[in-house]
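The values are calculated or read from the model by the stated rules, or taken from the named source; none is laboratory data. Owing to the predicted nature of the structure, the values given are computational and were not obtained by experimental measurement. All Cβ positions, even for glycine, are placed from backbone atoms using ideal geometry, and neighbour counts span all protein chains on display.
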Amino acid sequence: MPKLSSKKNIASMQVLKTLQILLQGNFTMHELVEKLNSQEPEPIFNNSVVSKYINTCRYCGIEIPKIHNKYFVTNLPFGLDLTAVDIDLLGSLQNIVRRDMTSRMNKLFNTFLDKLNRFSNKRIMRVEKDSYKLTAEMFENAVSERRQIKLMLKNGLEYICIPIKMIENQGRTFFNVFYKNKDRMIDAERVSGLEVLSRKFIGNFNEPSVIFELKGGLAQRYALRENEQLLKPYDGESIKVANRGEGKDILLARLLRYDKDCEIINPKSYRDEMFEIIDAALNNYGSL
Amino acid sequence: MFKTAEKTDLNQISLTGMRALVLLGMLMKAPRTFEEIRNTFIELNIMEPEHSDDIIRIDLNTLRTMGCDITKANSKTNYRYVLLKHPFELNITKEEVALVKKVYKRLKDNVSIETLIEFDTLFNKLAEYVFDKEVQESLYGISALKEFKIKELRELLDDCRKNNIITILYQKPSSKEQSRKEVLAQELVYKNDKIYLYGYDINKKESVTLNLRRIISVISRTFGGQDVSTPACRVKFFLTSFGINKPEKNEVILEKHDNGYLVEGVYHNDFIACQRILSFGSHCTVLEPENFRELIIEKLKQMREIYNA
């Protein structure tokens, strides 16, 4: 007689195996039977027993609808316990993906939500595939294929420019482009259309590394960002920082905030632009 | 969570299979004693009172064979079976976590500390549900509050809501010296990856912006709606464009013109107002008050001097 510790219940294992497969994806009965049998030394699963096991799972409160002939789990009552607040938070993340991101990102986020749906005890909103913002996708394709683009703005202006990258700031999306020899950020809200041109661009239009010096109390308390590197540590007077990829307009607006405690060292184009901004700001108050 | 098995349904379902699912569900929710499992099984009609306890032991073995790591129920586990690992894990990929992080990053600067706390709870909840250590670490690492003590944040939020006066030990940025401050708590703000306590220094009689990282401890609290007048910095300015910025909740567009907006902003103090106005660059002209307008002009002159050299 086998020892109790080695005894197990075959039917129970088969139910658990069925659930395990169902948690991995959406399958027809035929696919389910095939998948389950592929794990066994010889076929033991058939339509009738798998139906019984699916019913057993359903009896235990696991929601397994059959849509387009495919079975899938939509609710696991003893799974991840998501609250209404959690669902709202996931919804707010989902809205950003739907509004601003490419279809590849939407698909990836959809997969993530699908997994949470399977494992949680709450229903999460699913992504509507027709609401993807295609402009972002076209822009990113143009960057990877190194093609120029025509950005059409709501006010009727058109920019034939070189796409660099998409940038986020304070919850808003910008198209970072190179237009008329200048690095520009165009608010996605202002764009009514985008055309990818057949004309290719050559050269590297990525932003340069920007070096700035911080003085006084700011130098002591400054916390480096993810995209920054400390070039010179605090020497009693100042620090030097290299920044890459923050987006020119975002970086300049931030460095302006630092007042006279900040000075851009390199590149000269950024330094010149900073001077132009400050000079123009002073001109707002008359000739000073 | 589970319904009672009816005799009439038994030809449609697998009774032993149901026991395995119930046992798995119970252990996924919490560690259980042998008695709790037995009582639940009897309650759900999937075990008769006269049945041998061996049924449960075999069910536990079945789960173990399926890849569940279940401890023994002994004094170390308070005589409970603890499910340490199971093969029904939430299989989130690193790529999915990276996307969630990217999206959260877009959102975090525009939400309240309360919402950031809710996100923190959600990410921790997901992390606890995955077994892949790397994915788990990445999930724990998403939250902007990962290095803050949530309990302390909640207490400070409460202080702000009730306008409590708190006595704190504060580490000055410029030296290693710590100072004691008596501050009327007003608002907790997440800005530029830091959390600031906006308050009013009772002794110095001025508005203060304190980096939370520098608050060593809260020594005491004086509860309830303190009657302290706290001056704010009110600025009227003309903006040709918000540029890369967007209006803050403390800014009101008074008039819209063809060439821009007349805006009034109320800021916690002059320092924060200055930072905000300067960040608009040449899009902004301060109109009122006169002394603040002069302050901005002076700052711009000093800044121009740096680049003119």
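On the stretch given as region A:22-40, residues that are within 14 Å of chain B (Cβ to nearest Cβ), buried (at least 20 other Cβ atoms within 10 Å of the Cβ) and free of Cβ contacts under 8 Å to residues at least 40 places away in the same chain total 1. For residue A:81, are the conditions met, namely being within 14 Å of another protein chain (Cβ to nearest Cβ) and surrounded by fewer than 21 Cβ atoms within 10 Å (Cβ to Cβ)? Considered against the rule, which asks whether it is within 14 Å of another protein chain (Cβ to nearest Cβ) and surrounded by fewer than 21 Cβ atoms within 10 Å (Cβ to Cβ), residue A:81 comes out as yes.
Looking at residue A:43, is it part of a loop (DSSP other than H, G, I, E, B) and away from every other protein chain (no Cβ under 14 Å)? Taking the combined requirement at face value, the residue satisfies it. In this structure, is residue B:150 over 23 Å from residue B:250 (Cβ atoms), of a type in the set (A, V, I, L, M) and more than 15 Å from the chain's Cα centre (by Cα)? No, not satisfied.
The residues in region B:275-304 that are more than 8 Å from every other protein chain (Cβ to nearest Cβ), in a helix (DSSP H, G or I) and surrounded by fewer than 18 Cβ atoms within 10 Å (Cβ to Cβ) can be counted, and the count is 5. In the set B:224, B:199, only one residue is small (Gly, Ala, Ser) and at pLDDT below 85; that residue is B:224. Remark: pairs (first residue in region A:264-288, facing chain B (nearest Cβ under 8 Å); second residue assigned to a loop (DSSP other than H, G, I, E, B) and aliphatic (A, V, I, L, M); Cβ separation under 6 Å; 6+ apart in sequence or on different chains) = A:282/A:288.
All of (1) closer than 30 Å to residue A:97 by Cα; (2) without any contact (Cβ under 8 Å) to a residue 40 or more places away in the chain hold for residue B:97 with one exception: (2).
Considering region A:200-209, the residues that are surrounded by 12 or more Cβ atoms within 10 Å (Cβ to Cβ) and modelled with pLDDT of 80 or more include one that is nearest to residue A:160 (Cα to Cα), namely A:201.
Could you go through region B:253-273 and let me know if any residue there is more than 14 Å from every other protein chain (Cβ to nearest Cβ) and of a type in the set (Lys, Arg). Yes, region B:253-273 contains a residue that is more than 14 Å from every other protein chain (Cβ to nearest Cβ) and of a type in the set (Lys, Arg).
Of everything listed in (1) among the hydrophobic types (A, V, I, L, M, F, W, C); (2) more than 28 Å from the chain's Cα centre (by Cα); (3) under 20 Å from residue A:257 (Cβ atoms), the single unmet condition for residue B:244 is (2).
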